[in-house]
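FYI, it's all coordinate maths here, none of it is from the lab. Here the structure is a predicted model, which is why all the values come from computation and not from measurement. Cβ placement follows ideal geometry from the backbone for every residue including glycine, while neighbour counts extend to all protein chains displayed.
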2 protein chains.
Amino acid sequence: MGSLSFNTFSPLDPESFSEESKMVVDFIADYYRNVEKYPVQSQVDPGYLMHHCPDTAPYCPEPLETILRDQSPNFFGYFQANASTAGFLGEMLCTGLNVVGFNWIASPAATELESIVMDWVGKMLMLPPSFLFSGGGGGVLHGSTCEAIICSLAAARDKVLEKIGHHKITKLVVYGSDQTHSTLQKASKLVGIPTSNFRSLPTSFSNDFALCPDDVRAAMEEDIGAGLVPLFLCATVGTTSSGAVDPLEALGHVAKAFKVWLHIDAAYAGSACICPEFRHHLNGVELAHSISMNPHKWLLTNMDCCCLWIKEPKLFVDSLSTAPEYLRNSASESKKVIDYKDWQIALSRRFRAIKVWVVIRRHGLDNLMFHIRSDVNLAKRFEAHVAKDPRFEVVVPRRFALVCFRLRPKEEGEGTELNSRLLMAVNGSGAAFMTHAVVGGIYIIRCAIGSTLTETRHVDSLWKLIQEKAQLVLQEPGLALEED
Amino acid sequence: MGSLSFNTFSPLDPESFSEESKMVVDFIADYYRNVEKYPVQSQVDPGYLMHHCPDTAPYCPEPLETILRDQSPNFFGYFQANASTAGFLGEMLCTGLNVVGFNWIASPAATELESIVMDWVGKMLMLPPSFLFSGGGGGVLHGSTCEAIICSLAAARDKVLEKIGHHKITKLVVYGSDQTHSTLQKASKLVGIPTSNFRSLPTSFSNDFALCPDDVRAAMEEDIGAGLVPLFLCATVGTTSSGAVDPLEALGHVAKAFKVWLHIDAAYAGSACICPEFRHHLNGVELAHSISMNPHKWLLTNMDCCCLWIKEPKLFVDSLSTAPEYLRNSASESKKVIDYKDWQIALSRRFRAIKVWVVIRRHGLDNLMFHIRSDVNLAKRFEAHVAKDPRFEVVVPRRFALVCFRLRPKEEGEGTELNSRLLMAVNGSGAAFMTHAVVGGIYIIRCAIGSTLTETRHVDSLWKLIQEKAQLVLQEPGLALEED
């Protein structure tokens, strides 16, 4: 393996590139083969890695073998992979070609492929044509929902401040529910909206933790009465805690009445809406100004990838464009092309479109739907396990591939302790990893199906493990706790 | 090639993963082998790709061979690659492991490796200990300078508004020079600072386009006199247009006197400062609050990667943290660990640290310095070519690997047309791609050395091409123009 010797220096020699890359491919394939053998949650203490690493960078190069040897999969306790071979291949192409497509002229292919792919995915979700390039709107790939919301918020903010004056920025109000992802609050604060102007409206069991349009209307009226300016409403399709779905159509009408920007965050459950039987969750999307969903969550696309569509792309450009001399070019000035730098936060951008493009082509819509349905069926199976055991209950109706359940407490006040002990016992075993949430004051355990490698047997084993640990927790809570 | 058949569906099967990944490795290696044969700038018209793609996603999966066949390197006109095999391998590991390390508990390894690597790079740059974890500060990996500046700006903004009240957000002022990257203006606007409160202070030939500390002081005094609040000063080490370096130490004293946050944007030239002979450009860094540099620009790290250090990490957390119930965990509550989600914009994050870690280990500091020095030597060679030809002049003194030059116009008024024609003729040939800038009113052509595959013969050929096109442009400007 002469090309791996480390006294030469050729940072991008095609021969050693090929040889070393294949070593890493084998390393990762081995990792996938053996991933079940490793504990799911790292059993390490803070600072553990400091003891394994020198505190300064090596002066001389090291051979790849040495570097990979240090890279035990044991290091990665938490493996939440909505990954696929196609997603990996797409990412390899993105990285290998290393295109920096901030504007059209920098990479016409990266720009145009992104537009094409965004129309493809938009059509897969049956978005109204007004969100597609072919219908006057358009889409862009971001890394995360937070970036997508920041850009939408900034566009909404600047459109309103243009009319009422920038000094009114402290009057703008943003609305979501207590189930909306925390990213909305973070984004609002980042774009300069006072935290006191963020409304986290309460939801309840009675309507499955969906945002109530009447509550939104009332909150907006109250804010207007107080001299504030309602700006932005975020509705969620598939909340993080419980998979709740906000009523888009009714919220859309409220947003319209108050001239408020409606954004739909379909980060998680948007992927399911490529299946006709789930598409109704997006009914009302035509009333929104923007919508985002994350293929990296549930559409076999490796991190990171967030799709964002908008009906009026001009509003992104108005808010986010910069035109320094060193980026001027005749293509941009012709206004016939898209410069994606003006649709996002950063100037530089990775060629994520090629990843989505490979994922879609390699799987086809057919298999992508199959993948969603398989996960939903696994979740149904888990839900059935829970329902059959009278010690347990499914707390929130399952809509997608997330099951929210708990051990029934003898008295309501004991529910949190009982179930947090159960969760610690399960995670402490190292054989599975789940997380919790609190909805309507109730502590629930979340079983989120969606890891690409999960099969029926894993779901059944998980349930068996939960039952075993439940027995311990119910009998001798102290014992189970000590395992953690 | 049974595993490539497309009537089965196994999105992450280790055998087909390995087989298909190696096909892509070969594809990318071929691309590197042949990259010289392709035109450097795409000669395509807006919308060209629409005609090559179906307007909806395929329903059935396609074999990888078909997908790669569509993927001609001809599509990628602009190849600005500070890539390396090690950077690619690191990115493969990041993608293959698909770690989503938003907080410590989600991936202790990703979190701790990032802290270790940030201290490594900090020491390579000889940053003061106050920027390292080992000295009470710390570093984080972002995707771009814009994100790094947004987080620094938000931290600075919230620290000040905490004292003077959020309604004063419209009084905050941000300072840079007319050479500062446009990202500062974009970031300022994004965090809610009025565009009228952005100061782009003029620079001039007389001090090599560096920001003048006296001008900053005067601007701040004037703003205070007008009831405004100076907030943030951005100094640049290696500007985009001409590679200028702002005087950090003097600016640091001004920032201190006005209690203003000083950020250093060393996106481009920071990489050079790992070499002792360039380190003096960072003198004064000890007076800054934060500093960023991009290994993806000049340190053999594939896109994307921006290092950001801060002396008081608590200020990031104060400004950016969210703590929803579903992310609560005992590790975070112990305050003994870093949750990087509170040091950046998004919640989710890729495992970029493993990429930097592989790049540093595989090359060693020794070869990284060799790489910088090679590029600088190539730039010196190009500069010498320019200096020897009396028709040309080097307009701005070269500091790093960027040479700013032009054809001397007979009359100053003709300089822009003459040189923009020359640039169009060179780029129009498809054999090379350069960009322009305007500094001190003068149109310059930028020859930026830094692509990993650039060798002496490429620099010499480029110069020959420039001379040929110059001859045409000087004799018959009309003819050369038509070539574009």
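From the C-alpha gyration tensor of region B:111-239, pull out the three semi-axes of the equivalent ellipsoid (sqrt of 5λ each), sorted largest to smallest, in whole Å.
Each semi-axis is √(5λ); the values are 28, 20, 13 Å.
Evaluate peptide A:100-111: per residue, the Cβ atoms of other protein chains within 10 Å of its Cβ; return the mean as an integer.
Per-residue shielding by partner chains comes out at 6.
If I take every Cα pair under 8 Å that is 6 or more residues apart in chain B, average their sequence separation and divide by the length, what percent do I get for the relative contact order? Present the calculation step by step, with values, prior to reporting the outcome.
On the way: 818 pairs, mean separation 89.4, N = 484.
Reported as a whole number, the value is 18 percent.
Taking the Cα-to-Cβ direction at residue A:168 and at residue A:474 and moving 7 Å from each Cα, how far apart do the two end points lie in nm?
Those two pseudo-labels are separated by 6.0 nm.
Considering Cα pairs under 8 angstrom that are at least six residues apart, work out the relative contact order of region A:100-349 and quote it in whole percent.
It comes to 26 percent, rounded to a whole number.
For the rotation that superimposes chain B on chain A, which residue of B has the C-beta lying nearest to the axis, and at what distance in Å?
Looking at chain B's Cβ atoms against the axis toward A, the nearest is B:192, 1.
Looking only at other chains, what is the average number of their beta-carbon atoms within 10 angstrom of each beta-carbon in B:327-338?
The mean count of partner-chain Cβ atoms within 10 Å per residue comes to 2.
Of B:163/B:259; A:341/B:341; A:186/B:256; A:186/B:189; A:123/A:355, which sit over 21 Å apart, Cα to Cα?
Beyond 21 Å between Cα atoms: A:341/B:341; A:186/B:256.
Express in whole angstrom the spacing between the alpha-carbon centres of region B:252-286 and region A:413-438.
48
Using the 10 angstrom Cβ neighbour count as an exposure proxy, how do A:469, B:388 rank, fewest first?
B:388, A:469
Would you mind ranking B:88, A:316 by Cβ crowding within 10 Å, fewest neighbours first?
Sorted ascending by nearby Cβ count, the order is A:316, B:88.
Roughly speaking, what % of Cα-Cα pairs in region A:336-392 are separated by over 15 Å, rounded to a whole number?
70
Given R₀ = 35 Å, what would the calculated FRET efficiency be for residue A:217 paired with residue A:438, taking r from the Cβ atoms and rounding to 0.05? Can you show the working numbers first?
Details: r = 27 Å, r/R0 = 0.76.
Efficiency, from the Cβ-Cβ distance: 0.85.
How big is the Kirkwood radius of the protein assembly as shown, worked out from every pair of different alpha carbons and given in Å to one decimal? The partial results should precede the final answer.
On the way: mean 1/r = 0.0346 Å⁻¹.
Computed over the protein assembly as shown, the radius equals 28.9 Å.
Find the eigenvalues of the gyration tensor of the Cα atoms of region B:201-350, then list the square roots of 5 times those eigenvalues as equivalent ellipsoid semi-axes, largest first, in whole angstrom.
In descending order, the three semi-axes are 31, 22, 13 Å.
What are the lysines whose alpha-carbon lies under 30 Å from the alpha-carbon of residue A:469, with same-chain residues fewer than 8 places away excluded?
Within the straight-line cut-off, residue A:469 pairs with A:37, A:297, A:380, A:388, A:410, B:335, B:336.
I'd like the FRET efficiency for residue B:37 and residue B:467, computed as 1/(1 + (r/R0)^6) with the beta carbon distance as r and R0 of 22 Å, rounded to 0.05.
Working from the Cβ atoms, E equals 0.45.
Specify whether the C-alpha gyration tensor of region A:238-306 places it in the rounded, prolate or oblate class, a ≥ b ≥ c being the square roots of the eigenvalues: rounded for a/c under 1.5, otherwise prolate if a/b is larger than b/c and oblate if not.
Prolate is the answer for region A:238-306, as a/c is 1.5 or above and a/b outweighs b/c.
Helix-only mean residue ellipticity at 222 nm, chain B, DSSP H runs n ≥ 4 weighted -39,500 (n - 2.57), per residue, nearest 500. What is it?
Values: 15 runs with 201 residues, N = 484.
Computed ellipticity for chain B at 222 nm equals -13500 deg cm²/dmol.
P(r) for region A:365-482: what percent of alpha-carbon pairs falls in each 5 Å bin, starting at zero?
Using 5 Å bins, I get a P(r) of 2, 11, 22, 25, 19, 11, 5, 3, 1, 0 for region A:365-482.
Rank-order A:427-440, B:344-357 by packing density, defined as the average count of other C-beta atoms within 10 Å over each peptide's residues, highest first. Please list the in-between numbers first.
Numbers: A:427-440: 19.0, B:344-357: 26.1.
Highest to lowest by the protection proxy: B:344-357, A:427-440.
Sort B:271, B:330, B:290 by Cβ crowding within 10 Å, fewest neighbours at the top.
Details: B:271 32, B:330 10, B:290 28.
Neighbour counts put them in this order, fewest first: B:330, B:290, B:271.
Treating only the Cα positions of chain B as identical point scatterers, give the base-10 log of I(q)/I(0) from the Debye formula at each q in 0.09, 0.10, 0.11 Å⁻¹.
Taking Cα atoms of chain B as identical point scatterers yields -0.72, -0.88, -1.05.
Once the label point is placed 7 Å from Cα along Cβ, list for residue B:200 the distances to the corresponding points in the other copies, in nm, shortest first.
Between copies, matching label points for residue B:200 lie 3.9 nm apart.
Evaluate E = 1/(1 + (r/R0)^6) for residue A:45 and residue A:196, where r is the Cβ-Cβ distance and R0 equals 41 Å; express this FRET efficiency to the nearest 0.05.
0.55
If only Cα atoms are counted, what is the Rg of region B:290-332, and what is its Dmax, in Å?
Radius of gyration, then largest Cα-Cα span, for region B:290-332: 15.0, 41 Å.
Binned at 10 Å from 0, what are the whole-percent values of the Cα-Cα distance distribution for region B:292-409, short to long?
Percent of pairs per bin, in order: 11, 27, 23, 19, 12, 6, 2.
Which number comes out as Rg/Rh for region B:100-349 once both Rg and the Kirkwood Rh are worked out on C-alpha atoms?
Rg divided by Rh gives 0.96.
Under 1.5 on a/c is rounded, so check that first for region A:188-238, then, if it is not, pick prolate when a/b is larger than b/c and oblate when it is not; a ≥ b ≥ c are the square roots of the alpha carbon gyration tensor eigenvalues. Please report the intermediate quantities before stating the final value.
Working: a/c = 2.50, a/b = 1.44, b/c = 1.73.
It is oblate, given that a/c is not under 1.5 and a/b is not larger than b/c.
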